[in-house]
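Input: a single structure, listed below in structure tokens.
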Amino acid sequence: MTTEDFTRDELMEVSAARALAGARTCFVGIGLPSTAANLARATVNPGLVLIYESGTIGSKPTRLPLSIGDGELAETADAVVPVPEMFNYWLQGGRIDVGFLGAAQVDRFANINTTVVDRGPGKPQGRLPGAGGAPEIASNCGEVLMVLRHSTRGFVRKLDFVTTLGHGSGPGDRERLGMRGAGPVAVITDLGVLRPDPATAELVLSALHPGVTVEQVRAATGWDLKCADTVGVTEPPTAAELAALRALKSAGREGR
């Protein structure tokens, strides 16, 4: 398979789905995280239990949901619980393995902004969707995966607003704040994969997608991005993975 057979977005989405290969339960954000999680169920992890903020547990949608309130999430779920129970018992009780989040901005310690962005002098702040359940997901899931497209607009030196804590300002911050989970363990983009350095908690480049260079990733990052000791190369999507991904997206378009 050549690089002309798939797009960068498809490579990102397939790579993100593969990151869920060993998970049992996943608290899913809408957008790219939902695409990845549903693709994982269709490929590498058919038994993955998808949990959405609206209270659905074990959802098995046949298309990509439009929002956490999409009716098919409830129709195909093993159970639907009240939102307070979802957060108080399931999430804050530490019963969910992986949280999968998107972001408008992320900094070098994997802290997230989904609230407001600075649009420049004389302009009002740009409003974003807000926190939703992301702060609780990042605090309480066993670990967190993130997926977003790679650009200096998204990967910034300093967040315009801290919505969700990743690793704070470095090692030990999560523990001092009493956060039970490990926090972000990978940020998957359309250029490669970043992971926190074990010693500093700073995101470093750990893998490149086929055809992408280190220089390209650094140019798309708003801080001086460091590389892991060994930078790998991700495997391109298989024909089966691409077919499953495209079927999900096609079903979503047909259902609108």
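If we keep just the residues of the range 147-179 that are touching a residue at least 60 places away in the same chain (Cβ under 8 Å) and touching a Gly at 6+ places or on another chain (Cβ under 7 Å), which is nearest to Y89 (Cα to Cα)? Only one residue fits best here, namely G166. A single member of A240, A251 is at pLDDT 95 or above and farther than 30 Å from D160 by Cα, and it is A240. Each residue in the range 14-55 was checked for being over 23 Å from G71 (Cα atoms), assigned to a helix (DSSP H, G or I) and open to solvent by 10 Å² or more (accessible area, probe 1.4 Å), and 2 pass.
When residues in the range 132-146 are screened for being under 27 Å from V217 (Cα atoms) and either free of Cβ contacts under 8 Å to residues at least 12 places away in the same chain or aliphatic (A, V, I, L, M) (or both), 5 of them pass.
For the range 111-154, taking the residues that are over 22 Å from Y52 (Cα atoms) and in contact with a helix residue (DSSP H, G or I) (Cβ under 9 Å, 6 or more places away or on another chain), the one that is surrounded by the most Cβ atoms within 10 Å (Cβ to Cβ) is identified as H150. The single residue among V185, V231, V212, V162 that is open to solvent by 20 Å² or more (accessible area, probe 1.4 Å), in a loop (DSSP other than H, G, I, E, B) and among the aliphatic types (A, V, I, L, M) turns out to be V162. Of the numbered criteria (1) in contact with a helix residue (DSSP H, G or I) (Cβ under 9 Å, 6 or more places away or on another chain); (2) assigned to a loop (DSSP other than H, G, I, E, B); (3) open to solvent by 20 Å² or more (accessible area, probe 1.4 Å); (4) not aliphatic (A, V, I, L, M), the one K249 fails is (2). Filter the range 1-13 down to residues that are open to solvent by 40 Å² or more (accessible area, probe 1.4 Å) and among the charged types (D, E, K, R), then give me how many there are. Qualifying residue count, the range 1-13: 4.
Taken together, the residues in the range 176-215 that are touching a helix residue (DSSP H, G or I) at 6+ places or on another chain (Cβ under 7 Å), within 24 Å of A104 (Cβ to Cβ) and among the basic types (K, R) amount to 0.
Quick check on the range 58-72. Is at least one of its residues among the acidic types (D, E), surrounded by 20 or more Cβ atoms within 10 Å (Cβ to Cβ) and over 19 Å from I137 (Cβ atoms)? No, every residue in the range 58-72 fails to be among the acidic types (D, E), surrounded by 20 or more Cβ atoms within 10 Å (Cβ to Cβ) and over 19 Å from I137 (Cβ atoms). Each residue in the range 87-102 was checked for being in a loop (DSSP other than H, G, I, E, B), open to solvent by 20 Å² or more (accessible area, probe 1.4 Å) and either in contact with a Cys (Cβ under 6 Å, 6 or more places away or on another chain) or free of Cβ contacts under 8 Å to residues at least 60 places away in the same chain (or both), and 2 of them qualify. Number of residues in the range 4-37 that are within 29 Å of L128 (Cα to Cα) and either out of contact with any Ser or Thr (no Cβ under 9 Å at 6 or more places or on another chain) or among the charged types (D, E, K, R) (or both): the value is 18.
The values are calculated or read from the model by the stated rules, or taken from the named source; none is laboratory data. What you see is a predicted model; the values in this text were computed from it and never measured. Here the Cβ is made from the backbone with ideal geometry for all residues, glycine too, and neighbour counts use every protein chain on show. Protein only, heavy atoms only, side chains kept; ligands, DNA and RNA dropped before computing areas. Shrake-Rupley method; radii C 1.70, N 1.55, O 1.52, S 1.80 Å.
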